[in-house]
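Engineer: Would you mind keeping the following structure in view while I ask a few things?
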Amino acid sequence: MTPEQVKLAFQKRGETFTAWAKANGYQPIEVYRVLNGFAKCKYGKAHEIAVKLGLKPAA
């Protein structure tokens, strides 16, 4: 999935990124950084978030 597809899926479900972040134990800013391309998502929390959002395959 692309970040745009993830954003559209959230919009269709009526779910906010903030709610998703809190439900999954992340800070909302971390999720926004991943979705907007400010985080490289190669390792750590950013990578974990990208995998959970479906942006990257689980390694």
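Engineer: Could you pull out every one of the lysines with an alpha carbon less than 20 Å from that of Lys22, ignoring same-chain neighbours closer than 8 positions?
Structural biologist: Here the lysines satisfying the reach criterion relative to Lys22 are Lys7, Lys12, Lys45, Lys52.
Engineer: At Glu4 and Lys42, where each label point lies 7 Å from the Cα along Cα→Cβ, what is the point-to-point distance in nanometres?
Structural biologist: Result for the modelled spin labels: 2.6 nm.
Engineer: If you don't mind, another one. At most 12 other C-beta atoms within 10 Å and a DSSP loop state: those are the exposed chymotrypsin sites (Phe, Trp or Tyr not before Pro) I care about. Give me the longest piece of the chain that has none.
Structural biologist: Details: sites that count: Phe38, Tyr43.
No qualifying site falls inside 1-37, the longest such stretch.
Engineer: Just read off the accessible area of Lys56 with the full protein assembly in place, 1.4 Å probe, to the nearest 10 Å².
Structural biologist: Answer for Lys56: close to 70 Å² accessible.
Engineer: Can you give the helix-only mean residue ellipticity at 222 nm for the chain, where every DSSP H stretch with n ≥ 4 adds -39500 (n - 2.57) and the sum goes over all residues, rounded to the nearest 500 deg cm²/dmol? List each step's numbers first, then the result.
Structural biologist: Working: 4 runs with 36 residues, N = 59.
Theoretical 222 nm ellipticity from helices: -17000 deg cm²/dmol.
Engineer: Gly25: net charge of surrounding residues, Cβ under 14 Å, Lys/Arg +1, Asp/Glu -1, itself excluded? Write down the numbers at each step before the final one.
Structural biologist: On the way: positive: Lys22, Lys45, Lys52; negative: Glu30, Glu48.
Neighbourhood net charge equals +1.
Engineer: Right, next: Whole number in Å², please: accessible area per residue of the chain, 1.4 Å probe, ligands, DNA and RNA not counted. Walk me through the numbers before you get to the answer.
Structural biologist: Working: 4070 Å² over 59 residues.
Ligands and nucleic acids excluded, the figure is 69 Å² per residue.
Engineer: Taking springs between alpha-carbon atoms closer than 10 angstrom, which of Glu15, Glu48, Glu30 fluctuates most in the Gaussian network model of the chain?
Structural biologist: Per the Cα network of the chain with a 10 Å cutoff, Glu15 tops the list.
Engineer: May I pose another question? For the stretch 6-59, what's the relative contact order in percent, using C-alpha pairs closer than 8 Å and at least 6 residues apart?
Structural biologist: Numbers: 33 pairs, mean separation 12.9, N = 54.
Once normalised by length, the contact order is 24 percent.
Engineer: On to the next question. Expressed as a whole percentage, what fraction of the accessible surface of the chain belongs to carbon and sulfur atoms when a 1.4 Å probe is rolled over the protein heavy atoms?
Structural biologist: On the way: 2290 of 4070 Å².
Its accessible area is 56 percent carbon and sulfur atoms.
The values are calculated or read from the model by the stated rules, or taken from the named source; none is laboratory data. Note that this is a predicted model, so its numbers are computed, not measured. Cβ: placed from backbone, ideal geometry, glycine included. Neighbour counts: every protein chain shown. Accessible surface is based on the protein model in full, side chains and every heavy atom, while ligands, DNA and RNA are left aside. Shrake-Rupley method; radii C 1.70, N 1.55, O 1.52, S 1.80 Å.
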